[in-house]
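Some notes on the structure that comes next.
What follows draws every value from the coordinates through simple rules; no lab data is involved. All values derive from a computational prediction rather than experimental measurement. With ideal geometry, Cβ positions are generated from the backbone for all residues, glycine too; neighbour counts draw on all protein chains shown.
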Amino acid sequence: MDELCTWGREFFPQYCLKLWHNPHETLSGDLGVGQRYRLALVEQGSGIVEIGEVRGPFVAPVVICLDELDRVSVQTGEELHAQALYFHPDVINSCFTFDMARGDMDGVSLTEFQDLGYFQPFVKRSERHYGVIAVGPASARRMGALFRLIADQLNHQPDDVWPCRTRSFFLEAIFLLHRMYYEAERSHEAITEDPLAEHTTDVDPVILHLHTHYHEKITLHDLARDFHTNRTSLNERFQIATGLPVMTYLSQLRIRLAMLMLHDTLLSINEIAYRTGFNSSTHFGRMFRKTADCTPSEYRMRYCWMEE
């Protein structure tokens with residue numbers, strides 16, 4: 001697996017750092033399976049990702065956390081721009097193995113036990129979390145900047161501290177991921193959308209359309225026409241796949257994206273309303289309160305880390 005390592009050149013020519021940056025991640029194929037964790041940052045695009053036997057939709061920016069056993073594929077609704085870090089657990093701590101990250105705690109010190117918490121987004125799976133975490137614009141920019149700093153060190157190796165400097169940037173990225181993972185739970189945001197029901201791929205094009213055009217005016221009548229069906233049939237099939245009628249799903253998608261912006265930016269509430277497809281701030285406020293049981297301003301006061 002030399003292609004998923006970075007070998008020293010002028011400095012430490014025999015040194016192998018089990019960390020590799022892919023600037024053009026496609027989220028397809030078996031690269032890294034059985035050998036590496038993968039942290040992918042999707043900076044642009046939307047689609048439906050399948051991890052193992054679980055399928056779910058996403059809108060960038062998101063991070064996708066894969067363990068060494070995960071196989072992934074993606075169906076895109078628009079052009080996908082992503083980058084990824086492939087790494088072995090020992091990049092975080094030289095004594096770590098895949099078994100330790102999965103719960104083999106024999107002989108683990110307190111410090112090592114605490115460090116193992118950083119693997120939770122990669123190895124922990126639940127009904128809501130299957131590896132995809134929606135992130136806000138500010139966090140996505142910081143994560144992207146860290147990825148590029150890591151890539152610069154790995155590619156250029158400018159001096160004899162490049163391994164330590166690379167690890168410092170990587171650990172900062174892992175720490176940021178850990179914060180995003182737990183902040184999403186703390187603020188009651190959906191980490192991502194619920195997985196789709198099995199054997200419901202016939203509505204995937206509709207889901208992709210909503211995730212690509214959520215900021216535009218969308219009606220059930222127009223969707224039925226564009227996808228060559230009738231409104232009743234479309235709603236029935238869509239609810240089987242997602243658990244929600246089409247327009248309820250769209251409203252919750254918009255509110256979820258608005259929550260991320262409120263949590264992660266200082267954009268005005270009016271701008272957030274229009275960017276997420278609401279035709280007025282009054283309508284946005286009413287729908288937000290219905291979903292979150294508080295106003296957008298109250299939500300920001302409680303959960304915006306930038307305010308803090």
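Just how far, in whole angstrom, is the stretch 1-52 from the stretch 202-245 if you go by their alpha carbon centroids? One Cα centre to the other: 35 Å. Going from the residue with the fewest nearby Cβ atoms within 10 Å to the one with the most, M301, M261 rank M301, M261.
Once the convex hull of the C-alpha atoms of the chain is built, how many Å³ does it hold per residue, rounded to a whole number? Numbers along the way, then the final one.
Numbers: hull volume 43.7 nm³, N = 308.
Measuring per residue, one finds 142 Å³ for the Cα hull of the chain.
The phi torsions of the stretch 147-160, fed into the Karplus equation with coefficients 6.51, -1.76 and 1.60 and a -60° offset, translate into couplings of 4, 6, 5, 4, 4, 4, 5, 5, 7, 9, 6, x, 7, 7 Hz, rounded to whole numbers, with Gly and Pro shown as x. The overall shape of the stretch 201-303, judged from the alpha-carbon gyration tensor, is prolate: a/c is not under 1.5, and a/b is greater than b/c.
Return the calculated 222 nm mean residue ellipticity for the chain, to the nearest 500 deg cm²/dmol, obtained by summing -39500 (n - 2.57) across DSSP H runs with n ≥ 4 and dividing by the residue count.
Computed ellipticity for the chain at 222 nm equals -13500 deg cm²/dmol.
Quick one: net charge of L149's neighbours, Cβ under 11 Å, K/R +1, D/E -1? If you can, show how the numbers build up before the last one.
Working: positive: R142, R148, R165; negative: D152, E172.
Taking every Cβ under 11 Å from that of L149, the sum is +1.
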